[in-house]
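Notes to accompany the following structure.
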Amino acid sequence: MAVTVARHRSVHAKAGAFDADGAEAGATEVGYPLLEPQHGWAVQEPDEVVAAGRAAASAAPQPPSRT
């Protein structure tokens, strides 16, 4: 099984799980804060982004096992 984690212009880390044939087994996303300390500023804390990515990868559904 492979898990892909992506972050693209959002405040969510997304992870998808795929089986050996490339079929999607499921997906999940975990949010993290977007800070706005001043008008027009947008700040993301790197540790929060990484933690969300790890949490999304851990929560990704597992594909059924092959027998």
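The values are calculated or read from the model by the stated rules, or taken from the named source; none is laboratory data. Since this is a predicted model, take the numbers as computed values, not measurements. Neighbour counts run over all protein chains shown; Cβ positions are idealised from the backbone, glycine included.
Only residues that are surrounded by 15 or more Cβ atoms within 10 Å (Cβ to Cβ) and either at pLDDT 85 or above or among the acidic types (D, E) (or both): list them for the range 18-37, please. Step through it out loud before you land on a result.
Taking the range 18-37 as the starting set, the residues that turn out to be surrounded by 15 or more Cβ atoms within 10 Å (Cβ to Cβ) are 18-19, 25, 27-30, 32.
Hits for the range 18-37 are D19, A27, T28, E29, V30, Y32.
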Which pairs turn up if I take residues in the range 26-52 that are free of Cβ contacts under 8 Å to residues at least 12 places away in the same chain and look for partners that are of a type in the set (G, A, S) and not in a helix (DSSP H, G or I) with beta carbon separation below 8 Å, at least 6 apart in sequence or on another chain? L35/A42; E36/A42
